[in-house]
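Everything on this sheet refers to the single structure shown next.
The values are calculated or read from the model by the stated rules, or taken from the named source; none is laboratory data. Since we're looking at a predicted model, the values are computed, not measured. Cβ placement follows ideal geometry from the backbone for every residue including glycine, while neighbour counts extend to all protein chains displayed. Surface accessibility is based on the protein's heavy atoms, side chains included, excluding ligands, DNA and RNA. Shrake-Rupley method; radii C 1.70, N 1.55, O 1.52, S 1.80 Å.
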Amino acid sequence: MNTTYLRMEIVRLVRNKRVVIFSMLMPALLLLIIGGVSVGGDPDAKKYVMVSMALFGAMTAALTSGSTIAVERGLGWNRTLRLTPLSPGGYVVNKVIVALLVAVPPVLVTFLVGAIGLHVRLTLVEWVLCFAGAWLSALPFAALGVVIGYLAKPDGVQQVTALLNLTLAAFGGLWVPVQLMPNLMQQIAKLTPSYWTGEVARSPLDHGHIDVQAILVLGGWTVALALVALRRFRVDTARA
């Protein structure tokens with residue numbers, strides 16, 4: 001990990017107010033609409049929606065931060081990176097760390113809106129575990145964002161990212177609980193990382209602890225996507 005490059009990436013991303021504001025405002029607004037209107041006064045449903053929208057914000061922030069690579073490629077940034085001591089692994093790690101950092105505000109804002117606006121009440125342990133689950137679940141999407149950045153073209157990366165984000169959110173049970181989906185869709189959902197992120201983040205609401213199986217599966221997704229991202233970085237810089 002290169003601290004100088006990491007600091008530069010963080011400053012650059014923070015200046016991109018469109019990404020930061022969208023990833024924070026959209027989940028909060030959806031929470032107020034779905035949690036405040038659609039589910040009525042059901043406290044359990046409000047908890048479910050709050051954690052789901054926090055997950056959506058974290059996913060959006062992580063995917064979007066990684067997809068900026070497509071723009072960097074278009075500007076020839078990868079050719080510049082070859083002249084620096086930054087290793088392929090260090091580059092991917094830096095991108096993932098930045099994505100994790102930018103995923104914090106959406107989770108915080110959504111939880112604050114849930115607690116203050118919808119009067120969601122959790123125990124301290126549940127708040128901590130749900131926050132940790134929603135935040136750290138951004139890991140595989142941070143790696144996926146890097147992969148998208150190396151596969152998509154600069155003029156189409158936003159559309160690809162948005163479509164993939166909404167599709168994964170649907171299969172992760174963020175809009176409708178997976179248990180209410182048709183059987184075929186349930187089976188497909190379990191093949192996506194977003195399904196397991198939901199299991200990790202929402203399991204404290206039902207069991208009071210994090211689902212270990214979900215953590216292991218999500219860890220596998222993170223490692224696999226990180227390896228693909230590393231491979232794409234090497235291929236792209238070699239071509240440059």
**Study point:** Boolean, Leu163 is in a helix (DSSP H, G or I), under 30 Å from Asp236 (Cβ atoms) and of a type outside the set (S, T, N, Q)
**Key:** yes
Revision key, fill the gap. Picked from segment 210-223 (must be open to solvent by less than 50 Å² (accessible area, probe 1.4 Å) and of a type in the set (A, V, I, L, M, F, W, C)), the residue farthest from the chain's Cα centre (by Cα) is Ile210
Review point. Given the residues Ala201, Ala229, which is the only one that is in contact with a Lys or Arg (Cβ under 9 Å, 6 or more places away or on another chain) and open to solvent by less than 10 Å² (accessible area, probe 1.4 Å)?
Key: Ala229
Exercise for review: State all residues of segment 188-209 that are more than 18 Å from the chain's Cα centre (by Cα) and not in a helix (DSSP H, G or I); if no residue qualifies, say none.
Suggested key: Gly208, His209
Study note, to complete from the structure: The number of residues in segment 210-234 that are part of a helix (DSSP H, G or I) and touching a residue at least 60 places away in the same chain (Cβ under 8 Å) is 11
Revision key, fill the gap. The correct count of residues that are crowded, with 22+ Cβ neighbours inside 10 Å and over 20 Å from Leu136 (Cβ atoms) in segment 189-198 is 0
Check your understanding: Just to be sure, is Val109 of a type in the set (A, V, I, L, M, F, W, C), open to solvent by 40 Å² or more (accessible area, probe 1.4 Å), under 18 Å from the mean Cα position of the chain (by Cα) and modelled with pLDDT of 85 or more?
Key -> yes
